1. Those residues that are surrounded by 15 or more Cβ atoms within 10 Å (Cβ to Cβ) and touching a residue at least 40 places away in the same chain (Cβ under 8 Å), I need them from the range A:323-352; list them, please.
2. Please return the ranges of helices (runs of 4 or more DSSP H) entirely within the range B:18-79 where 1 or more residues are within 16 Å of A:GLY221 (Cβ to Cβ) and in contact (Cβ under 8 Å) with a residue 40 or more places away in the chain.
3. If you scan the range A:253-269, which residues turn out to be assigned to a loop (DSSP other than H, G, I, E, B) and either buried (at least 24 other Cβ atoms within 10 Å of the Cβ) or assigned by TED's automatic domain parsing to the domain that holds A:GLY62 (or both)?
4. Residue check, A:GLN226 against (1) more than 11 Å from chain B (Cβ to nearest Cβ); (2) buried (at least 22 other Cβ atoms within 10 Å of the Cβ), all met but one. Which one?
5. Exactly one condition in (1) assigned to a helix (DSSP H, G or I); (2) more than 14 Å from chain B (Cβ to nearest Cβ); (3) surrounded by fewer than 18 Cβ atoms within 10 Å (Cβ to Cβ) is not met by A:ASP212; state its number.
6. Here's a check for you: in the range A:184-194, which residue that is in a loop (DSSP other than H, G, I, E, B) and surrounded by fewer than 24 Cβ atoms within 10 Å (Cβ to Cβ) is nearest to the other protein chains (Cβ to nearest Cβ)?
7. How many residues, within the range A:110-130, are surrounded by 20 or more Cβ atoms within 10 Å (Cβ to Cβ) and among the aliphatic types (A, V, I, L, M)?
8. Please specify each residue of the range B:12-50 satisfying the condition of being touching a Phe, Trp or Tyr at 6+ places or on another chain (Cβ under 7 Å) and surrounded by fewer than 16 Cβ atoms within 10 Å (Cβ to Cβ).
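The values are calculated or read from the model by the stated rules, or taken from the named source; none is laboratory data. Everything quoted here is computed from the prediction, not taken from an experiment. No Cβ is skipped: glycine too gets one built from the backbone with ideal geometry, and neighbour counts run over all protein chains shown.
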Amino acid sequence: MKNRNKLWALYQKNIADDHYYFARSCIRQNFFPASETIFLKILREELGKDIFDDAEQTTCTGIAYHSGLIPFETIQTVVARQFALMTEAGYQNFVCSCVTSFGIYTEVLETWKQFPEEEAKARAALLRATGKTFTKPENLVHTSDIIYKFRDEIAEKSKFRLVNHLTGRPLKIVDHIGCHYAKIFPQEGIGGAEYPYVLAGMIDAWGGQQVDYPERRHCCGFGFRQYLIRENRGYSLSNSRKKLESMEPYHPDLIMANCPGCTFFLDRWQYVLSEMEGKTYDTEGFGIPVLTYEEVTGLILGYNPWDLGLQIHQVDPEPLLIKLGIPYNPSEKYQGACQQPLKHPAKPAILKITG
Amino acid sequence: MTLFEQLSTDIRFQEGLKACIGCGVCTAICPAAQFSDYDPRILVDTVQRYDEHLLESLLKGDMIWRCGECLSCKTRCPRGNTPGYIVQALRALSIKTGLFALSEQGRLQLRLKRTVGEHILKYGYCVYLDEVDTDQFPEQGPVWEWFRENRESVLKRLGAHYGEEGAGTLRKISEKSLSDLRAIFRETGGMERYQQIEEGVSKVIGHEKQE
């Protein structure tokens with residue numbers, strides 16, 4: 001136990017208490033477009049924090065970098081520009097929504113420690129290209145770190161717990177941590193790479209039960225160019241399938257991920273596997289719902305599920321809402337901006353959709 | 001400069017290769033090795049032989065393009081090597097020397113350049129929903145068809161600022177920010193790499209046509 005505590009102490013991290021500069025995620029904005037809005041709302045309205053959402057930020061270019069499309073020098077300088085925007089806005093605490101970006105920002109700062117000449121090159125290139133200069137962040141964290149830090153305050157404000165209200169039993173929840181959260185720099189992730197606790201801590205604090213299964217730490221299978229190139233996409237599907245097959249015997253009620261790409265793949269590949277193999281990974285034929293941690297946080301705080309964007313998931317979240325005892329109006333699910341009913345999406349051949 | 005001398009100047013290579021003992025832990029944990037002809041143990045072993053011909057064959061082949069960059073290998077290597085970093089350096093050199101275009105997987109970089117690569121400079125995002133349709137991405141499923149068809153209304157409901165000026169989800173990136181990005185790409189070799197990808201593939205396809 002003593003050794004375990006010693007090991008655990010290595011993987012604690014400093015998470016700033018307030019005044020954050022927010023860096024958005026390409027994938028999260030496109031595929032889970034309410035999640036970042038919800039994160040900002042929770043920080044500002046529930047926790048009373050100051051967080052700056054900058055119009056001038058751009059992609060960090062991480063997907064292109066990890067696909068071999070752009071040089072390291074380019075991404076270092078793009079990162080330097082994001083730090084310059086943070087500096088101009090008067091902030092020191094950089095928080096990013098994307099796990100790939102978190103890996104990139106961490107990697108660039110670490111590179112600059114080991115190779116100071118790289119930092120000098122990036123500074124010079126940024127100055128020549130944009131006229132900007134920057135101060136490095138005092139604190140760099142992922143958005144899930146912030147929710148983890150305030151998980152107990154959120155639990156106090158919550159209207160629902162991660163408990164099946166019909167049976168009174170904790171919901172069985174799979175946590176999936178994006179590889180670049182802690183596998184590159186384990187000391188930068190809460191709990192490190194072997195026992196990451198960033199999402200498990202939320203599950204514990206909010207009444208759920210963690211599911212420990214053999215492939216818990218396996219990659220979702222994004223693989224950057226392997227997913228983006230259609231001919232290579234079997235890589236992505238096969239790795240997600242490996243995880244789903246491994247977790248299936250534990251009958252999870254929910255998969256929660258801190259990486260937007262992982263959330264997407266574990267959701268959509270369930271649809272594809274149902275079409276290809278006629279198989280779903282639950283006993284009722286709906287599949288296992290896959291939510292972002294912002295969506296889960298919004299649910300326990302009592303936000304309307306359709307304002308959280310749950311209708312944009314291919315695996316239907318309604319069975320989960322029923323288990324949680326969250327009241328919702330099914331007729332609001334496919335409404336537009338002015339509450340007008342929209343034509344419903346087509347239904348998959350195998351995967352069941354409520355309604 | 002020999003290929004090895006060029007590779008050795010890349011800091012990703014310097015960081016990635018210490019001394020491989022060939023234990024194969026990287027291969028055991030590797031998602032790419034489980035489902036394709038990629039083997040990080042063999043790749044690192046090949047590189048540390050310092051044989052120009054073997055290195056050239058790696059740069060011309062498909063294997064370096066099979067890695068998924070999850071970097072699970074970095075966590076696990078008991079000797080502090082990172083095969084994923086070595087792959088980054090090999091890919092950069094393969095494009096620089098034009099050898100990438102001799103492999104099928106290497107040539108696919110052109111498609112990536114013309115999609116993700118150009119979207120970055122056009123939109124300021126790596127991925128933008130206007131470009132993601134179910135013809136290219138059928139796994140998106142019927143819910144995505146619905147979302148795309150109704151995106152303006154649904155995104156407004158969800159509080160996004162799709163295509164609008166200012167801050168917010170899916171906002172239009174300002175011309176000033178896009179101009180900064182392009183200047184950074186010009187200044188740091190990003191544009192040059194795009195050009196090398198276009199020219200490298202064009203050269204090989206040209207040869208094939210002549211034959």
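1. Passing the criteria: A:LYS323, A:LEU324, A:ILE326, A:PRO348, A:ILE350, A:LEU351, A:LYS352.
2. The helices (runs of 4 or more DSSP H) meeting that bar are B:25-29, B:31-35, B:72-76.
3. A:ASN258, A:CYS259
4. So the condition that A:GLN226 fails would be (1).
5. Among (1) assigned to a helix (DSSP H, G or I); (2) more than 14 Å from chain B (Cβ to nearest Cβ); (3) surrounded by fewer than 18 Cβ atoms within 10 Å (Cβ to Cβ), A:ASP212 violates only (1).
6. Here the residue is A:ALA193.
7. Going through the range A:110-130 one residue at a time, the tally reaches 4.
8. Hit for the range B:12-50 is B:TYR50, nothing else.
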